[in-house]
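The values are calculated or read from the model by the stated rules, or taken from the named source; none is laboratory data. All figures in this text were calculated on a predicted structure; none of them were measured in a lab. Note that each Cβ is placed from the backbone with ideal geometry, even for glycine, and that neighbours are counted across all protein chains shown. Keep in mind that these areas ignore ligands, DNA and RNA; they rest on the heavy atoms of the full protein, side chains included. Shrake-Rupley method; radii C 1.70, N 1.55, O 1.52, S 1.80 Å.
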Amino acid sequence: MKDTRAAIVESAFRLFIERGYEGASMADLVAVTGLSKGAVYHHFRDKDALHDAAIEHFFLRFFGADKVAAPAENEGLDAVLGDLCAGYVRLMDAVSAVVPDRTAYYRFVFSILPKVKDQIRGQIVDARARIAAAAAFDRERRAFAESLDPVAIADHCLALIEGTALLCVVEGREGIASALEQSVASYLRLLRL
């Protein structure tokens with residue numbers, strides 16, 4: 001059973017997706033929850049606090065400092081990319097459980113970008129470092145050519161993960177997890193030729 005706060009956040013998220021931040025008044029947000037004004041204000045002081053809670057719940061919690069692990073000395077690309085893909089799938093599943101339209105994730109990301117741009121940049125830097133460290137580890141083990149740049153590989157992998165998921169959503173394909181798995185496996189095979 002969901003607690004009241006979580007139910008409010010989910011209801012607000014749906015409305016923010018549907019109308020955007022500017023198009024959703026606090027009165028609308030209270031109405032969509034089905035709760036009293038006092039119940040909503042007990043948990044959130046204003047619309048901005050509720051919006052921040054939705055951002056945290058449906059985006060940042062999947063990319064917090066504890067979610068993109070620091071580069072490990074002996075972690076290969078297969079493990080790192082598998083972990084990052086699994087996190088992406090968990091994020092998409094959480095959004096889809098509340099808003100069946102999977103394009104909602106992308107609308108939400110672009111709507112919150114001004115608020116979270118620095119956090120996103122930080123997570124990209126962390127993910128790039130982790131992937132590059134794994135690529136360097138694999139290169140040292142001669143898993144692929146020495147001439148391949150680990151940072152370039154990291155950028156390819158980040159684009160591959162985001163791009164594969166976006167294509168699945170745009171094309172209406174189910175199975176983002178299997179699409180990511182196939183794309184990553186294909187890319188790794190290319191690196192190892």
- Select, from R142, R189, the only residue that is surrounded by fewer than 18 Cβ atoms within 10 Å (Cβ to Cβ), on the phi > 0 side of the Ramachandran plot, of a type outside the set (G, A, S) and without any contact (Cβ under 8 Å) to a residue 12 or more places away in the chain. R142
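Looking at R5, R45, R19, which is the one that is under 22 Å from T103 (Cα atoms) and either buried (at least 18 other Cβ atoms within 10 Å of the Cβ) or among the basic types (K, R) (or both)?
Of R5, R45, R19, the one residue that is under 22 Å from T103 (Cα atoms) and either buried (at least 18 other Cβ atoms within 10 Å of the Cβ) or among the basic types (K, R) (or both) is R19.
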- When you go through A79, A129 one by one, which is the residue that is touching a residue at least 24 places away in the same chain (Cβ under 8 Å) and surrounded by 16 or more Cβ atoms within 10 Å (Cβ to Cβ)? A129
- Query: Given (1) open to solvent by 20 Å² or more (accessible area, probe 1.4 Å); (2) modelled with pLDDT of 90 or more; (3) touching a helix residue (DSSP H, G or I) at 6+ places or on another chain (Cβ under 9 Å), where does T103 come up short, assuming only one miss?
  - Reply: (2)
- What is the residue count in the stretch 163-175 for residues that are open to solvent by less than 70 Å² (accessible area, probe 1.4 Å) and assigned to a helix (DSSP H, G or I)? 5
- Query: Which one of S111, S96 is in a helix (DSSP H, G or I), among the polar types (S, T, N, Q) and either modelled with pLDDT of 90 or more or open to solvent by 50 Å² or more (accessible area, probe 1.4 Å) (or both)?
  - Reply: S111
